[in-house]
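The numbers here are math on the coordinates, done by the rules we state, and not lab data. Every value quoted in this text rests on a predicted model; they were computed, and no experiment measured them. For neighbour counting, all protein chains shown are included, and Cβ atoms are generated from backbone atoms with ideal geometry for every residue, glycine included.
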Amino acid sequence: MPIEIKDLSHTYGKDTPFEYSALKDISLDIDDGEFVGLIGHTGSGKSTFIQHLNGLLNPTSGTVVVDGQDIFNASKEDKYKNRLKVGLVFQYPESQLFEETVFKDVAFGPKNLNLSEEEIEARVKDALESVGLDYQTYKDKSPFELSGGQMRRVAIAGVLAMRPQVLILDEPTAGLDPQGRNEILRQIKDYHEKNGTTIVLVSHSMEDVGRLADKVLVLNKGEVAFFDKPENVFVQTEELEKIGLAAPQITYLMKELKKKYPDINEKIFTIEEAKEEILRHVKNV
């Protein structure tokens, strides 16, 4: 489902001594089924931006068009329908778990849609398996008896059970150990490939964004610094550093190698790609 952002601005504390412009005239299009990685230093406007995509925040000016519908210039019923299309997973979503069993927690959203018991069960089963949790094993467990990574997956499953057409994840791996982090990212990528869902992933990991995203959106002081393919963004190492960011570590290595081997491809940001490029170059020497 495509998203069109037009001249989007948001000012906190407008007309007060604490007035602060968090977003400034942002215009861009996110294509249907696209995987966008959103990066920026603290205070760049990332959280404010994603909360406009499903109408949690109203803009000071500009608008967001989701699947052809202006989500801020719509009836109350249409606003509700649009919000169902865009699922938002906040940081540490496990803090929102509250039911006595995993099944009840994941089923909470679908039940509010007045679906049949059969459809609710099917959605819960599908959502749990999408995040790597076996339905029969976990459905009757208390979510509070699970590990931190498992609780995170249950919370994400609760959003997936609503079957959003757009999925926004705000630092979904924050606080997890490396294994839990890698598993959740793999499941997000698998979910995207299986369902063709439009995904916006907020992350501080340049390596993760470079590996997963079709495009990278870089925000700086509420403005768009870059919005392009990873290979075209991460090669801009000096510009990224000026705004307090960095390219993936492997990109710096490739840039250094290019000084010695001019024909080597420096637009690389994953270890796998670097390995292939270095081996290719060695074979041709």
The chain, helix-only ellipticity at 222 nm - DSSP H runs n ≥ 4, -39,500 (n - 2.57), divided by all residues, nearest 500
-12000 deg cm²/dmol
Does anyone have the angle between helix 148-160 and the longest principal axis of the chain? Alpha-carbon axes, 0 to 90°, nearest 10?
70 degrees
Positive end of the charge dipole of the stretch 3-230 (Lys, Arg +1 and Asp, Glu -1 on Cβ, about the Cα centre): tell me which of Gly149, Gly222, Ile188 has its Cα farthest that way.
Gly222
Determine Rg/Rh for the stretch 171-242; Rg is computed over alpha-carbon atoms and Rh is the Kirkwood hydrodynamic estimate from the same atoms.
0.99
Using only Cα atoms and rounding to the nearest 10 degrees, what angle (0 to 90) does helix 178-195 make with the longest principal axis of the chain?
80 degrees
Over the Cα atoms, compute the radius of gyration (one decimal) and Dmax (the largest Cα-Cα distance, rounded to a whole number) for the stretch 64-202, in Å.
14.9, 45
Check which residues have an amide H placed less than 5 Å from Val89's amide H, if you skip close sequence neighbours.
Ile168, Leu169, Asp170
Dipole of the stretch 3-230, positive end: most advanced residue of Ser130, Tyr92, Leu23 [Cβ charges, Cα centre]
Leu23
Nearest 0.05, what FRET efficiency do Ser142 and Leu113 give at R0 = 25 Å with Cβ-Cβ as r?
0.55
Among Asp31, Asp263, rank each residue by its count of other Cβ atoms within 10 Å, from fewest to most, as a rough exposure measure.
Asp263, Asp31
How big is the chain by the Kirkwood estimate over distinct Cα pairs, in Å?
20.4 Å
Using only Cα atoms, tell me the angle between helix 76-85 and the longest principal axis of the chain; keep it within 0 to 90° and round to the nearest 10.
50 degrees
Go through the stretch 235-249 residue by residue and turn each phi into a ³J(HN,Hα) via Karplus (6.51, -1.76, 1.60, θ = phi - 60°); whole Hz please, and just put x for glycine and proline.
6, 8, 4, 5, 5, 5, 5, 5, 9, x, 10, 8, 7, x, 4
Roughly how compact is the stretch 1-109, stated as its Cα Rg over 2.2 N^0.38 Å to two decimals?
1.21
Treat every Asp and Glu Cβ in the stretch 174-260 as -1 and every Lys and Arg Cβ as +1, leave all other atoms uncharged, and give the resulting dipole magnitude about the Cα centre to the nearest 20 debye.
220 debye
Please get the size of the charge dipole for the chain, origin at its Cα centre, with Cβ charges of +1 on Lys and Arg and -1 on Asp and Glu, quoted in debye to the nearest 20.
360 debye
